[in-house]
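Asker: This is the structure, below, for whatever I ask next.
The values are calculated or read from the model by the stated rules, or taken from the named source; none is laboratory data. No experiment lies behind these values; they were computed from the predicted model shown. Note: areas computed on protein heavy atoms with side chains; ligands, DNA, RNA excluded. Shrake-Rupley method; radii C 1.70, N 1.55, O 1.52, S 1.80 Å.
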Amino acid sequence: EEELALLRAELAAADSQKALTKEETEKMRLHYEHELRMLKENEEFMKEELKVFEAAAEESEQDMRSRLANVITPSKVRQQTDVLQSRIAALETEAREQQAAHKDLVDFLEETIRSLEAKLRLNDLY
């Protein structure tokens, strides 16, 4: 009988321990599920933050490219110098042509004036 009572006590203790273990396991499962939810939320937040940072980095890179495109380089200076020298040469040629045309006009007018003055003198003689 005593042995039976001891066995029953051990069985009750084992059942009690088993119930305690189930309760602890359930608490741990709930705790880890909560931790997992928090980690997933953090992961989503971090993904959104990464998108924001990538967009900012892309914008910054485009801004730098734009700034670099506007930087005056020796080749751009040479190119602009060549363009301006071509324009100057064209303007000088045009000025010479206009000057020649004006000279021709002045010569023609002077010749016309001399001719008219000569005719007037001839008319005055007669």
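Asker: For region 21-57, which positions are open to solvent by less than 80 Å² (accessible area, probe 1.4 Å) and of a type in the set (A, V, I, L, M, F, W, C)?
Answerer: Once the filter is applied, which keeps residues that are open to solvent by less than 80 Å² (accessible area, probe 1.4 Å) and of a type in the set (A, V, I, L, M, F, W, C), region 21-57 yields ALA55, ALA56, ALA57.
Here is a yes/no grid of residues against (1) more than 49 Å from the chain's Cα centre (by Cα); (2) assigned to a helix (DSSP H, G or I); (3) not charged (D, E, K, R):
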site: THR25; (1), (2), (3): yes, yes, yes
site: GLU35; (1), (2), (3): no, yes, no
site: GLU41; (1), (2), (3): no, yes, no
site: PHE45; (1), (2), (3): no, yes, yes
site: VAL52; (1), (2), (3): no, yes, yes
site: ARG65; (1), (2), (3): no, yes, no
site: LEU68; (1), (2), (3): no, yes, yes
site: SER75; (1), (2), (3): no, yes, yes
